[in-house]
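Trainee: Starting off with a structure, shown below.
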Amino acid sequence: MRDIICDYVVWKKDGIYVDGTLGGGGHTGAIVERLSEEGRLYSFDADKEAIRHCSERFAEEINKGRLTLIHDNFIRACSIEELRGKASGLLLDLGVSSKQLDSAQRGISHRVNAPLDMRFGDEGECTAADILNEWKEEDIERIMRVFGEEPFSRAMARRIIQRRRAAPLRTTFDLRDVAASLIPPHILSKSLARIFQAFRIAVNDELSILEQMLRGFIPFLESHGRIVIMSYHSLEDRIVKNVFRDFSRNTDDIPAMVNILTSKPLEADEEEIMRNPRARSVKIRVAEKK
């Protein structure tokens, strides 16, 4: 779906664009290919390894001044003066990359034994271990219930408190073992995915930052500028849907600012899912500035 996505984003070749989720550089590379020599792209990532990798991969484009890599969360784009009222497009590919899931350092996946960190970058102060070992039971339960929609959230929170009284939870397998002691084996894998998602979202404040970014960046777009969001779970998609809806409505004081180009979210077809199983859950929404 990369071509379809980037065709939505890049509607004029000499525009100024933002890729808020650089990762391995797949979308960044596809966007740059569509730009003229006058076009510009800012790409963001909180993971310094992604910045290092893409600095080498796109060295020529960086040297030409067509591409700028920024080691920071994508919300930083809302403070770049050059983009104010001039941004032609924004792409956010939300969620977690395969590289992050496989990392032995981040602790994002329940399948890899790693420290309970879960931060996308190194700057945040709070790790998953801090939450699990220091926060109150009701707060831990709320994270799993709200961010993971986990039906065992109350029992899990109680079991986590019991477990940490004996010894702190330090690794992903510590958390996995707590879940395995409580949740039936035939649904354990799905529960683990929800539980790890919940703590990752909490550590990185993902949902709050996403909403702030959308509400802050839409005014930065020039007329006909596009926002394309790829989300992978219902919580993200709900925020995108609601923000686009809010900005597409006239109010007493402010006229509608965007047209929604996707009345229903775009989804991957079977061929795409065969090539990339992660695409099975993607929902893509597009809005255009009036």
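The values are calculated or read from the model by the stated rules, or taken from the named source; none is laboratory data. None of these values were measured; they are calculated from a predicted model. Glycine also receives a Cβ, built like all others from the backbone with ideal geometry; neighbour counts cover every protein chain displayed.
Trainee: Within the group 198, 180, which residue is crowded, with 21+ Cβ neighbours inside 10 Å and of a type in the set (Gly, Ala, Ser)?
Mentor: Result of the check over 198, 180: 198.
Listed here are the residues, each with its yes/no results for (1) of a type in the set (Val, Ile, Thr); (2) assigned to a loop (DSSP other than H, G, I, E, B).
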{"position": "216", "(1), (2)": "no, no"}
{"position": "224", "(1), (2)": "no, no"}
{"position": "230", "(1), (2)": "no, no"}
{"position": "237", "(1), (2)": "no, no"}
{"position": "244", "(1), (2)": "no, no"}
{"position": "253", "(1), (2)": "no, yes"}
{"position": "259", "(1), (2)": "no, no"}
{"position": "268", "(1), (2)": "no, yes"}
{"position": "273", "(1), (2)": "yes, no"}
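Trainee: Within the group 85, 24, 20, which residue is of a type outside the set (Lys, Arg), closer than 19 Å to residue 279 by Cα, touching a residue at least 40 places away in the same chain (Cβ under 8 Å) and surrounded by fewer than 21 Cβ atoms within 10 Å (Cβ to Cβ)?
Mentor: When all the criteria are applied, what remains is 24.
Trainee: Right, something else. Taking the options 70, 131, name whichever one is surrounded by 18 or more Cβ atoms within 10 Å (Cβ to Cβ), assigned by TED's automatic domain parsing to the domain that holds residue 36 and either of a type in the set (Val, Ile, Thr) or in a loop (DSSP other than H, G, I, E, B) (or both).
Mentor: Just one listed residue meets the conditions, 70.
Table: residues versus (1) under 15 Å from residue 229 (Cα atoms); (2) in the same structural domain as residue 230 (by TED's automatic domain parsing); (3) touching a Pro at 6+ places or on another chain (Cβ under 7 Å); (4) of a type outside the set (A, V, I, L, M).
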{"site": "13", "(1), (2), (3), (4)": "no, yes, no, yes"}
{"site": "22", "(1), (2), (3), (4)": "yes, yes, no, no"}
{"site": "25", "(1), (2), (3), (4)": "no, yes, no, yes"}
{"site": "36", "(1), (2), (3), (4)": "no, yes, no, yes"}
{"site": "41", "(1), (2), (3), (4)": "no, yes, no, no"}
{"site": "50", "(1), (2), (3), (4)": "no, yes, no, no"}
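Trainee: Still on this structure: Exactly one of (1) surrounded by 19 or more Cβ atoms within 10 Å (Cβ to Cβ); (2) in contact with a strand residue (DSSP E or B) (Cβ under 8 Å, 6 or more places away or on another chain); (3) not acidic (Asp, Glu) is unmet by residue 80. Its number?
Mentor: Of (1) surrounded by 19 or more Cβ atoms within 10 Å (Cβ to Cβ); (2) in contact with a strand residue (DSSP E or B) (Cβ under 8 Å, 6 or more places away or on another chain); (3) not acidic (Asp, Glu), only one is false for residue 80: (1).
Trainee: If you don't mind, there's one more thing I want to ask. Just to be sure before I move on: is residue 119 closer than 30 Å to residue 227 by Cβ, assigned by TED's automatic domain parsing to the domain that holds residue 198, of a type in the set (Lys, Arg) and modelled with pLDDT under 95 in the structure I sent?
Mentor: In short, yes.
Trainee: Inside region 41-67, can you point out the residues that are buried (at least 21 other Cβ atoms within 10 Å of the Cβ) and of a type in the set (Lys, Arg)?
Mentor: Once the filter is applied, which keeps residues that are buried (at least 21 other Cβ atoms within 10 Å of the Cβ) and of a type in the set (Lys, Arg), region 41-67 yields nothing.
Trainee: Now for a different question. Restricting the first residue to region 253-272 and requiring it to be surrounded by 15 or more Cβ atoms within 10 Å (Cβ to Cβ), which pairs with a second residue that is modelled with pLDDT under 95 and among the hydrophobic types (A, V, I, L, M, F, W, C) meet a Cβ separation below 7 Å and a spacing of at least six or different chains?
Mentor: Note: pairs meeting the criteria are 268/1; 268/279; 268/282; 272/1; 272/279.
Trainee: Pick from region 152-168 the residues that are over 26 Å from the mean Cα position of the chain (by Cα) and not in a helix (DSSP H, G or I): which of them is surrounded by the most Cβ atoms within 10 Å (Cβ to Cβ)?
Mentor: 168
Trainee: Considering only region 46-69, I want to know if a residue exists there that is closer than 18 Å to residue 236 by Cβ and charged (D, E, K, R).
Mentor: No, because not a single residue in region 46-69 is closer than 18 Å to residue 236 by Cβ and charged (D, E, K, R).
Trainee: Related question: Among (1) at pLDDT 95 or above; (2) in the same structural domain as residue 279 (by TED's automatic domain parsing); (3) under 18 Å from the mean Cα position of the chain (by Cα), which single condition is residue 194 missing?
Mentor: Failed condition: (2).
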